[in-house]
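Read the figures in this text as sums done on the coordinates, not as results from a lab. Treat the numbers as computed from the prediction; the structure is a model and nothing was measured. Please note: Cβ atoms are built from the backbone with ideal geometry, for glycine as well, and neighbour counts cover all protein chains shown.
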Amino acid sequence: MPVVEIDGRVIADSPVILRELERRVPEPPLWPADPARGAEADVFVDWFNRVWKVAPNRIADEPEAPEQDAWAAELRGSLDRFDALLEGRDFLLGNRFGVADVIAFPFLKYAASIEPDDPDRFHHVLAEQLALRGDYERLRGWIARCDALPRA
C-alpha cells in the first residue's frame with residue numbers, strides 16, 4: 001500500500017494521497033470539477049482498487065488456487081472494458097488526464113510491455129494476463145499517451 005509523509009502526517013492509500021496532493025496543488029486538477037463527473041471518477045477509483053486489483057493479486061499470491069483460470073479470465077476480460085472507456089476520448093474518463101488514469105496506468109502499462117529482468121512477480125502476472133493481442137488500439141494509444149507524460 002502506498003504511504004507518504006506530508007508535514008509530519010502519514011497518509012496511506014493512493015486515492016487518499018491523491019486527494020491530499022490535489023488539495024495542495026489544485027492545477028491541473030485530477031478530479032473533474034463537476035460534482036457528477038467527480039462522483040463518476042470516485043466510482044471508477046473505488047472499483048479499480050476494491051474489485052479490479054483482486055484478480056491479479058490473487059493470481060500472484062495464490063498460484064495453486066483452483067480459481068486461477070477464473071481470475072485470469074476476469075483480468076483479461078477487463079481489457080474490453082478499458083478499451084471501451086477510450087471510445088472517442090483520449091483518457092479513461094474524458095479528454096483530460098485525470099485520477100482514473102493515475103490509478104490505472106501503473107498496472108495497465110504492463111499490458112504493453114515489461115522489462116524481462118523485472119523481479120516483481122505481480123508485474124509479470126499483469127504482463128502475462130493483460131498482454132495486448134489483437135485489437136485494443138485505443139488502449140495501446142492510451143498507454144503510450146500516459147507513458148509519454150512527465151513523471152516526478
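Key figures for this structure:
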item	result
Cut-off 12 Å (backbone N to label point 7 Å along Cα→Cβ of D118), residues of the range 38-55	none
Difference of contour (0.36 nm per residue) and Cα-Cα distance, R23 to D80	17.2 nm
Dipole magnitude (debye, nearest 20) for the range 1-144, charges at Cβ of Lys, Arg, Asp, Glu	380 debye
16 Å cut-off, amide nitrogen to a point 7 angstrom out along V43 Cα→Cβ, residues in the range 119-152	none
Residue-wise HN-Hα coupling along the range 32-37, computed from phi with Karplus coefficients 6.51, -1.76, 1.60 (Hz; x: Gly, Pro)	x, 6, 5, x, 5, 5
Dipole-positive endmost among G8, P26, S78 within the chain (Cβ charges, Cα centre)	P26
Estimated distance in nm for a label pair at L132 and A12, the labels positioned 7 Å out from Cα along Cα-to-Cβ	3.4 nm
Degrees between helix 14-24 axis and first principal axis of the chain (Cα, 0 to 90, nearest 10)	20 degrees
